[in-house]
Amino acid sequence: MILDAAGPGSRPSALRRAAALVWLPIVVAAAYLGQPRLPVTPLAIAATAVACLGWVVMAARIERPAWDAAGLVATAAGGCVLSVLAGTWSTSVTFCFVAVGAAGARLSRWPAVALTAATSLTLALTIANGELVPSLLVTLGLVSVMLIGMSRRDARRRAEEQELARAAETRATEEHARAAALAERARIARDLHDVLAHSLSALAVQLQGARLMLQRDGAPADTVAQVERAHRLATEGLAEARRAVHALRSGPVDLPTALRALAADHPGATLDLADDLPEVSAEALDTLVRTTQEALSNARRHAPGAPVTVRLGQVDGEVELEVTDVTGTRPDPGTGGYGLVGMAERAALVGARLDAGPTEDGWRVRLTVPVAP
């Protein structure tokens, strides 16, 4: 019946519970008001109470297997007693069929068979009076109901297994796509390394040669200084490109290790790392490293020699990165460069918040990253 519609461990809806409970007063009323009519005796009332209580427990589907089994036994026992009191077939036998069907759907095989056998034997000896044909009919009816319940349980189990198989297939597809993405990143990294290493290295050599030629020919000091600055920028750009390519090829790295390496490459940088930081996603970790790298590069470019503080901590359950320098100046973010724009776009992709702007004595970049779910 409706009582076996939900499988083990599932949570039936309120509508399904209500539908199961609606049948209870109908069965009780038919047992006491129909023909043959149950006698209104203390034993009949007690058996009815036990059967009704078991029915309610089954309909409520309390998340305790022992309670579920107790409800099945109580419903079957109450139905058997009421059938014995009726002395013949009556509506009260419905309790027995409901209990057996629910047992097939909820209990394991042998407990369900045991409950069915006990109920069949009781009804065969009482209602059927031990006669062969009626006893066989009772037994076949109860066994059929039990098998229907078992088939529904097996169907639910197969559906759950199929769902788990689909989930495993989805995970395997995601892992395959992730592996393909890493392979593509490695290929792009190799291409970038070849292009940048050749072009920037050649540019640095050419600028070095140009500086020496200008000094030999007695060029003005400001011209030589411009060439030296261009050479220094090319050298720094080559170093930063190599770090980016290395990170692209190696994938996610340990965040404290990466920040220590970046701070060590920046003269005058101070690193402040908090302990027991919450876990963040791989994409967010990469964003933290890239933001630190870009902020330090901007500090080196716009505030050379200024002290820089890199702080990584936890604020309100989120990871916060703050890179601050002093005595530095910056161009208006809306009028030059794409560094801040790139940092903001990268932060938005992982659901982080970026705040960059001037302070009283320098510039500050603050990135707030949500923790991993």
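The values are calculated or read from the model by the stated rules, or taken from the named source; none is laboratory data. None of these values were measured; they are calculated from a predicted model. Note that we place each Cβ from the backbone using ideal geometry, even for glycine, and neighbour counts take in every protein chain shown. To get the accessible areas, we keep the full protein, side chains included, count just its heavy atoms, and leave off ligands, DNA and RNA. Shrake-Rupley method; radii C 1.70, N 1.55, O 1.52, S 1.80 Å.
Values as computed for the structure displayed
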{"read-out": "Tabulated pairs, the range 220-233, first within 14 Å of ARG301 (Cα to Cα) and assigned to a helix (DSSP H, G or I), second hydrophobic (A, V, I, L, M, F, W, C) and open to solvent by less than 70 Å² (accessible area, probe 1.4 Å), C-beta under 7 angstrom, 6+ apart or interchain", "value": "ALA230/LEU207; HIS231/ALA204; HIS231/LEU207"}
{"read-out": "Failed condition for VAL40, given (1) open to solvent by less than 50 Å² (accessible area, probe 1.4 Å); (2) touching a Phe, Trp or Tyr at 6+ places or on another chain (Cβ under 9 Å)", "value": "(1)"}
{"read-out": "Check on LEU121, more than 46 Å from the chain's Cα centre (by Cα), under 22 Å from LEU140 (Cβ atoms) and outside any loop (DSSP other than H, G, I, E, B)", "value": "yes"}
{"read-out": "When residues of the range 92-129 are limited to those that are open to solvent by 50 Å² or more (accessible area, probe 1.4 Å) and among the small types (Gly, Ala, Ser), the one nearest to VAL50 (Cα to Cα)", "value": "ALA118"}
{"read-out": "Failed item in (1) part of a helix (DSSP H, G or I); (2) among the aliphatic types (A, V, I, L, M); (3) open to solvent by 40 Å² or more (accessible area, probe 1.4 Å), with VAL57 passing the rest", "value": "(3)"}
{"read-out": "The listed residue being under 21 Å from LEU53 (Cβ atoms), assigned to a helix (DSSP H, G or I) and either touching a helix residue (DSSP H, G or I) at 6+ places or on another chain (Cβ under 9 Å) or open to solvent by 20 Å² or more (accessible area, probe 1.4 Å) (or both), out of ALA70, ALA159, ALA180", "value": "ALA70"}
